[in-house]
1. Considering the range 286-331 alone, what residues qualify as being without any contact (Cβ under 8 Å) to a residue 40 or more places away in the chain, out of contact with any strand residue (DSSP E or B) (no Cβ under 9 Å at 6 or more places or on another chain) and of a type in the set (Ser, Thr, Tyr)?
2. Need the failing condition index for Ile390 against (1) open to solvent by 40 Å² or more (accessible area, probe 1.4 Å); (2) in contact (Cβ under 8 Å) with a residue 12 or more places away in the chain, just the number.
3. Given the conditions (1) assigned to a helix (DSSP H, G or I); (2) open to solvent by less than 20 Å² (accessible area, probe 1.4 Å); (3) not aromatic (Phe, Trp, Tyr), report the number of the one that Ile337 does not fulfil.
4. Could you pull out the residue among Ile106, Ile162 that is of a type outside the set (Ser, Thr, Tyr) and without any contact (Cβ under 8 Å) to a residue 40 or more places away in the chain?
5. Look at Asp208 and say whether it is under 25 Å from Tyr276 (Cα atoms) and part of a helix (DSSP H, G or I).
6. Need the failing condition index for Gln204 against (1) surrounded by 15 or more Cβ atoms within 10 Å (Cβ to Cβ); (2) in contact (Cβ under 8 Å) with a residue 12 or more places away in the chain, just the number.
7. Out of the range 286-318, which residues are in a helix (DSSP H, G or I) and either open to solvent by 50 Å² or more (accessible area, probe 1.4 Å) or over 22 Å from Leu376 (Cβ atoms) (or both)?
8. Among helices (runs of 4 or more DSSP H) lying entirely in the range 1-110, which contain 3 or more residues that are of a type in the set (D, E, K, R) and either buried (at least 17 other Cβ atoms within 10 Å of the Cβ) or out of contact with any Cys (no Cβ under 6 Å at 6 or more places or on another chain) (or both)?
Amino acid sequence: MLIDGWLYSRKRKQRWWRFLQLQEFYQSAQSAAEPEKLLERCFRKLGYPAPEQELVFIWRQWVALGAARKPVLSPDDITSLESSVQALSCHSMPFLAWLDLCRLAIGVGLYGLAQRFRQQAILCGASIADDAGAKVPTTAALACGMCCCLELQDYVRAEELIVRLEHSDLSREKLRQARWLFDLLSGKRPSRAIGRSGSDELDQAFGDYVFGRELALVGPVPVTVAQGPEIDGFDRVVKFSYQGGDKGRDSETQGKRIDISYYNNTQAERLADGPYAEVLAQMDWGVCINRKGRSRFPSDERRIRQLESLQWLLPDTHLNAGPNAMLDLLRFNPSYIKVFNTDLMLSAGRYAGYRAPGAKPIQYTRSFIKTHDPILQYKVINRLWELGYIRGDDRFEDVMEMGLDGYLKSLQRVHGADEQALL
């Protein structure tokens, strides 16, 4: 059939497109006589095998919950759904299908349910390399499996997969990245990185600047706590999206200093379109999260570097500026990182100047679905915190002590369906 051929081959690779299909079918199923038929049609459109009966039963429950339009969510209904998903075999669906249903759950505001789907995805991903139907697992499957095993803290299995990657066609550069991430998250403090392939001069210079230093990593959440003097007392002060002037440099709550600033693509574009040389003159380093952002500046600009992305290892998502900065800084073995003004999206506000004037507020639910998986980001940061690589101010420490379930409940209260059903 054409629908199973070239027509959707490109679209199926786009996670946002897949979410929109599931959302449309989920909404339509709420008024359908046979909602399970719509799930089957949706899976066929997405290129997945027909759903097993256990998933069809869960789908009916889920659709009925949405169709009921309850003014208040019933904890029993949600708990029943979560338990049903947890009881499924992780092999009953493809890896991406689990992640797609996780995103649908986020889209309708049920973060605990999303976590159950995502956990099945990670269990599935960890076993991809052992799929009996695949004679020789692809390099991508081995890398995905390694990352999933790291998340499950199965370090023996993760290291086995790294050994197998060493005999694959994976580049030496990516092998080094995989080994470094394994060492970091398994608790073996890696030795100081020396730059990409040992020859990147900007990485080496940045490493010299960070190595052995005490770092303050200051997030964009507006606060009233007077911790600016403490921030300014660190060896290096790291912030985000500095565009010049006094914004982001409140002496009471943020500290006046900025030594390093990280930029996502939109922020890098905004910086490049302005008098960026004047901004760079006020700090020592600007760091772009991706290649597109770095490409907006002259290639010989010595105050701008691009961090080493680990996106290729992540399960169909990528990290936002905060965890990217943490991992980037940890490559160079600072003596200490303390995080300020950061609560992992539990506050939607950002300090004045962080975003361009007149920019629309961030739609965080859309961001969670399309770009940044909040569950993965919390787990990565929480693991770094558990290992003692990072510490934080009181608010950050509170968020870390919540644990994943507590964090997701708080996240749902802010962005999802809590007392009032948003289904």
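The values are calculated or read from the model by the stated rules, or taken from the named source; none is laboratory data. Given the structure is predicted, the values throughout are model-derived calculations rather than measurements. Using ideal geometry, Cβ is built from the backbone for each residue, glycine included, and neighbour counts are taken over all protein chains shown. Surface accessibility is based on the protein's heavy atoms, side chains included, excluding ligands, DNA and RNA. Shrake-Rupley method; radii C 1.70, N 1.55, O 1.52, S 1.80 Å.
1. Result: Ser299, Ser309.
2. Among (1) open to solvent by 40 Å² or more (accessible area, probe 1.4 Å); (2) in contact (Cβ under 8 Å) with a residue 12 or more places away in the chain, Ile390 violates only (1).
3. If we test Ile337 against (1) assigned to a helix (DSSP H, G or I); (2) open to solvent by less than 20 Å² (accessible area, probe 1.4 Å); (3) not aromatic (Phe, Trp, Tyr), just (1) comes out false.
4. Working: Ile106 fails: without any contact (Cβ under 8 Å) to a residue 40 or more places away in the chain.
Result: Ile162 is the single residue among Ile106, Ile162 that is of a type outside the set (Ser, Thr, Tyr) and without any contact (Cβ under 8 Å) to a residue 40 or more places away in the chain.
5. Spelling it out, Asp208 is indeed under 25 Å from Tyr276 (Cα atoms) and part of a helix (DSSP H, G or I).
6. Single failed check for Gln204: (2).
7. If the condition is that a residue be in a helix (DSSP H, G or I) and either open to solvent by 50 Å² or more (accessible area, probe 1.4 Å) or over 22 Å from Leu376 (Cβ atoms) (or both), then Arg291, Lys292, Arg294, Gln311, Trp312 are the ones that fit.
8. Result: 15-29, 35-46, 75-86.
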